[in-house]
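Undergrad: Okay, handing you the structure first.
The values are calculated or read from the model by the stated rules, or taken from the named source; none is laboratory data. As the structure is a prediction and not an experimental result, all values here were calculated from the model. Cβ placement follows ideal geometry from the backbone for every residue including glycine, while neighbour counts extend to all protein chains displayed. Calculation scope for accessible area: heavy atoms of the full protein, side chains included, ligands and nucleic acids excluded. Shrake-Rupley method; radii C 1.70, N 1.55, O 1.52, S 1.80 Å.
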Amino acid sequence: QNVLSEQQQKEQKEKHLKQQYRGVLLSGTTTWDQHEAKVLSILHICELYQLGHDLKDDDDNTTDDSLQNDTPIDDTIEAATTPFETRARRTLSSIGFEFKRNKCNACTESNPADEHCEQCITRLYHTPSNTAITNENRREFIADGKMYDAIADLCQSAAQEIMAEACDLVWVTVCDGKGGGLSARFDKQPSNSSSDSKSTRDWPRDDEGNIIVLEPIRALVGRCKSVKENEHRSNDTFLVSTGKGKVSAGIFSRQHLLTTGLEPSTALPLLREARSRGMNCVVIDPNARGDRVGMETFQASVRSLFQQDCRVEEEVEDAIIPAAKSDGCIYVLAHSAAGGQLVRYLLDQNQSTLLPRIQAITFTDSTHSIQWLKRHPHISSLIQSSKALYVRSANPMRDDGWENAKPGDECDKDHFWSHRFGKIKTVWAGTTDHSLTNWAARASIWEHFDKNANDDEAESTDDGAEEASLHTDKVVEK
């Protein structure tokens with residue numbers, strides 16, 4: 001009885017501690033049982049999404065009101081004609097959340113509103129209460145733990161749908177996880193249920209002969225579009241690679257996606273700028289199989305997209321831009337760990353075909369080091385030349401005077417900084433938040449890219465003028 005009594009006391013203590021550290025109840029619940037039931041329900045719906053189910057398609061009671069969830073965030077694309085995926089947004093709507101664009105005062109008063117106004121932010125809303133999710137109220141609507149991870153992942157998929165619509169991108173399967181090679185298709189079905197391109201005999205296996213099915217590696221790639229302006233940039237490619245962690249293609253921060261806005265936390269503003277210049281876009285996902293094998297995933301993605309032919313499985317209205325066949329320049333945005341992955345990739349002598357095509361690189365809080373390049377002066381000179389820019393966020397505890405600097409202002413470099421990054425031009429991002437570096441410094445990033453593009457055009461013009469002059473001289477001599 002004493003033993004039982006001690007066990008009961010222990011259970012009661014654990015129950016008390018559990019209740020003490022549970023946090024706040026979810027909105028719409030009054031007891032912990034209701035709270036836990038709501039969490040389990042949302043987790044189940046998110047799991048169904050991951051398995052490929054579409055709740056709206058399975059719902060026999062679908063009404064005209066529910067069809068409004070198919071309306072794209074981008075007002076320029078009609079829901080009835082869009083070929084883009086909306087399943088993540090429909091699933092998000094079914095659990096009481098949606099992304100809504102908050103118009104600034106100027107856009108609210110003007111008609112029509114500016115579609116690409118940088119003051120208008122797309123925020124995540126809790127639909128029943130029409131409340132924007134913030135850092136302060138997030139736990140009232142999204143509980144910590146499994147629910148947070150599930151909704152964050154679903155929001156990433158929804159954000160990728162929005163980016164695909166806004167910038168005319170499609171998913172390209174780099175590796176299907178079953179031994180298949182590069183393929184391109186509209187993502188009408190979940191990636192883990194795509195048709196097998198090889199027989200099971202050819203699937204990868206472990207040492208014991210068991211079949212290994214890995215997560216597919218995919219990338220967002222632009223489709224061809226007729227661009228009358230900036231046609232000279234139509235062969236150029238804008239490559240974006242995100243940092244290490246649980247973020248996926250085109251996402252810089254899950255937390256900011258939930259609480260700050262879609263534009264500050266994703267590559268959408270940068271991709272819009274690229275597409276407005278007539279450039280192709282490639283957004284890779286080094287974390288597709290976990291950040292522990294990020295380097296291998298980065299290698300497979302870049303090699304397949306830029307150094308191999310892209311095979312199209314389905315005929316689409318506009319062909320996917322073949323990045324591997326393009327003779328244009330490459331402009332790279334490498335965020336955080338992606339900077340180190342890019343430099344390590346270039347170290348491989350087999351990737352020498354990619355290096356000459358790189359016209360400009362922007363590292364944002366990159367993890368690379370020029371000390372890796374002591375035996376590779378051609379690469380070292382590139383990432384310390386005018387073609388490279390390093391954008392850094394400020395550390396309030398370490399950096400003096402950062403609060404007086406504007407985004408794009410050049411910052412001082414001490415001995416340790418120069419030892420690691422060399423002579424690369426280094427500017428302030430204008431923020432202390434690592435995840436918001438690309439958002440805060442977006443103007444500086446494109447100023448750098450445009451400057452190098454103009455320099456390249458000037459060199460081409462000079463070369464053309466010189467050739468014409470030589471030709472004229474030969475004609476005169478004759």
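Undergrad: Quick check: is even one residue across the stretch 58-65 under 16 Å from CYS155 (Cα atoms), among the acidic types (Asp, Glu) and modelled with pLDDT under 60? Break it down into steps so the answer makes sense when it comes.
TA: So the first thing to find is which residues in the stretch 58-65 are under 16 Å from CYS155 (Cα atoms), and the list is none.
Within the stretch 58-65 (the criterion being under 16 Å from CYS155 (Cα atoms), among the acidic types (Asp, Glu) and modelled with pLDDT under 60), the answer is no, since none of the residues qualifies.
Undergrad: Take the residues in the stretch 392-408 that are touching a helix residue (DSSP H, G or I) at 6+ places or on another chain (Cβ under 9 Å) and open to solvent by 40 Å² or more (accessible area, probe 1.4 Å); name whichever of them is farthest from ALA334 (Cα to Cα). Reasoning before the result, please.
TA: Of all residues in the stretch 392-408, those touching a helix residue (DSSP H, G or I) at 6+ places or on another chain (Cβ under 9 Å) come to 392-396, 407-408.
From the residues that got through so far, the ones that are open to solvent by 40 Å² or more (accessible area, probe 1.4 Å) too are 395-396, 407.
Values: ASN395: 20, PRO396: 24, PRO407: 18 Å.
Checked the stretch 392-408; the qualifying residue farthest from ALA334 (Cα to Cα) is PRO396.
Undergrad: What's the total number of residues in the stretch 369-392 that are part of a strand (DSSP E or B) and more than 18 Å from SER336 (Cα to Cα)?
TA: The first filter runs over the stretch 369-392 and keeps only residues part of a strand (DSSP E or B), leaving 388-392.
From what is left, the residues that are more than 18 Å from SER336 (Cα to Cα) are none.
Of the residues in that region, 0 qualify.
Undergrad: Report yes if some residue within the stretch 37-51 is of a type in the set (Lys, Arg) and at pLDDT below 75; otherwise report no. It would help to see each step written out before you state the result.
TA: First, pick out the residues of the stretch 37-51 that are of a type in the set (Lys, Arg): 38.
Subsequent filtering for residues that are at pLDDT below 75 retains none.
Looking for residues that are of a type in the set (Lys, Arg) and at pLDDT below 75, one finds none in the stretch 37-51, hence no.
Undergrad: Right, ARG275: at pLDDT below 95, open to solvent by 10 Å² or more (accessible area, probe 1.4 Å) and touching a Cys at 6+ places or on another chain (Cβ under 6 Å) or not?
TA: The answer is yes for ARG275.
Undergrad: If we keep just the residues of the stretch 350-368 that are part of a helix (DSSP H, G or I) and touching a residue at least 12 places away in the same chain (Cβ under 8 Å), which is surrounded by the fewest Cβ atoms within 10 Å (Cβ to Cβ)?
TA: Quick first cut of the stretch 350-368, residues part of a helix (DSSP H, G or I) only: 350-351, 355-357.
Subset that is touching a residue at least 12 places away in the same chain (Cβ under 8 Å): 351, 355, 357.
On the way: GLN351: 15, LEU355: 13, ARG357: 15.
The residue in question is LEU355.
Undergrad: Still on this model: Picking from LEU389, LEU347, LEU305, which residue would you name as being at pLDDT below 95, crowded, with 18+ Cβ neighbours inside 10 Å, aliphatic (A, V, I, L, M) and within 25 Å of the chain's Cα centre (by Cα)? Show your work before the answer.
TA: Values: LEU389 fails: at pLDDT below 95; LEU347 fails: crowded, with 18+ Cβ neighbours inside 10 Å.
Going through LEU389, LEU347, LEU305 in turn, the sole match is LEU305.
Undergrad: Can you tell me which residues in the stretch 395-432 are small (Gly, Ala, Ser) and touching a residue at least 12 places away in the same chain (Cβ under 8 Å)? If you could, list the steps in order and put the result at the bottom.
TA: First, the residues of the stretch 395-432 that are small (Gly, Ala, Ser): 401, 405, 408, 418, 422, 429-430.
The answer is ALA405, GLY408, GLY422, ALA429, GLY430.
Undergrad: Please find, within the stretch 243-267, the residue that is farthest from ILE217 (Cα to Cα) out of those that are assigned to a loop (DSSP other than H, G, I, E, B), modelled with pLDDT of 95 or more and open to solvent by less than 20 Å² (accessible area, probe 1.4 Å).
TA: Out of the qualifying residues, it is GLY261.
Undergrad: For the stretch 117-137, state whether one or more residues are open to solvent by less than 10 Å² (accessible area, probe 1.4 Å), closer than 20 Å to THR91 by Cβ, aliphatic (A, V, I, L, M) and in a strand (DSSP E or B).
TA: Looking only at the stretch 117-137, we keep the residues that are open to solvent by less than 10 Å² (accessible area, probe 1.4 Å), and these are 120, 122, 124, 133.
Cutting the leftovers down to closer than 20 Å to THR91 by Cβ gives us 122, 124, 133.
Restricting the remaining residues to those that are aliphatic (A, V, I, L, M) gives 124, 133.
Now drop any that are not in a strand (DSSP E or B), which leaves 124.
Looking for residues that are open to solvent by less than 10 Å² (accessible area, probe 1.4 Å), closer than 20 Å to THR91 by Cβ, aliphatic (A, V, I, L, M) and in a strand (DSSP E or B), one finds at least one in the stretch 117-137, hence yes.
Undergrad: Look through ASP74, ASP114, ASP144 and report the one residue that is open to solvent by less than 50 Å² (accessible area, probe 1.4 Å) and modelled with pLDDT under 95. Before the answer, list the steps.
TA: Numbers: ASP114 fails: open to solvent by less than 50 Å² (accessible area, probe 1.4 Å); ASP144 fails: open to solvent by less than 50 Å² (accessible area, probe 1.4 Å).
None of the other options fit; the residue is ASP74.
Undergrad: Please determine, by comparing only the residues of the stretch 147-163 that are over 14 Å from SER93 (Cβ atoms) and open to solvent by 10 Å² or more (accessible area, probe 1.4 Å), which one is nearest to the chain's Cα centre (by Cα). Steps first, please.
TA: In the first step, residues of the stretch 147-163 are kept if they are over 14 Å from SER93 (Cβ atoms); the result is 147-150, 152-153, 156, 159-160, 163.
Next, from what is left, pick out any that are open to solvent by 10 Å² or more (accessible area, probe 1.4 Å): 148-150, 153, 160.
Values: TYR148: 19, ASP149: 17, ALA150: 18, ASP153: 13, GLN160: 8 Å.
Among them, the one singled out is GLN160.
Undergrad: Do you know which residues across the stretch 413-454 are buried (at least 17 other Cβ atoms within 10 Å of the Cβ), among the hydrophobic types (A, V, I, L, M, F, W, C) and more than 19 Å from VAL240 (Cα to Cα)?
TA: PHE421, ILE424, VAL427, TRP428
Undergrad: Could you tell me how many of the residues in the stretch 327-341 are under 16 Å from ASN287 (Cβ atoms) and either surrounded by fewer than 24 Cβ atoms within 10 Å (Cβ to Cβ) or of a type in the set (Asp, Glu) (or both)?
TA: 3
Undergrad: Let me ask another. Of all residues in the stretch 393-413, which are of a type in the set (A, V, I, L, M, F, W, C) and outside any loop (DSSP other than H, G, I, E, B)? Show your work before the answer.
TA: Initially, the stretch 393-413 is screened for residues of a type in the set (A, V, I, L, M, F, W, C), giving 394, 397, 402, 405, 411.
Passing the criteria: only TRP402.
Undergrad: Restrict the check to the stretch 324-332 and report whether at least one residue is β-branched (Val, Ile, Thr), under 14 Å from the mean Cα position of the chain (by Cα), within 19 Å of LYS387 (Cα to Cα) and modelled with pLDDT of 90 or more.
TA: Keep residues of the stretch 324-332 that are β-branched (Val, Ile, Thr), which gives 330, 332.
Next, from what is left, pick out any that are under 14 Å from the mean Cα position of the chain (by Cα): 332.
Within this subset, residues satisfying the condition of being within 19 Å of LYS387 (Cα to Cα) are 332.
Pick out the ones that are also modelled with pLDDT of 90 or more and you get 332.
Yes, some residue in the stretch 324-332 is β-branched (Val, Ile, Thr), under 14 Å from the mean Cα position of the chain (by Cα), within 19 Å of LYS387 (Cα to Cα) and modelled with pLDDT of 90 or more.
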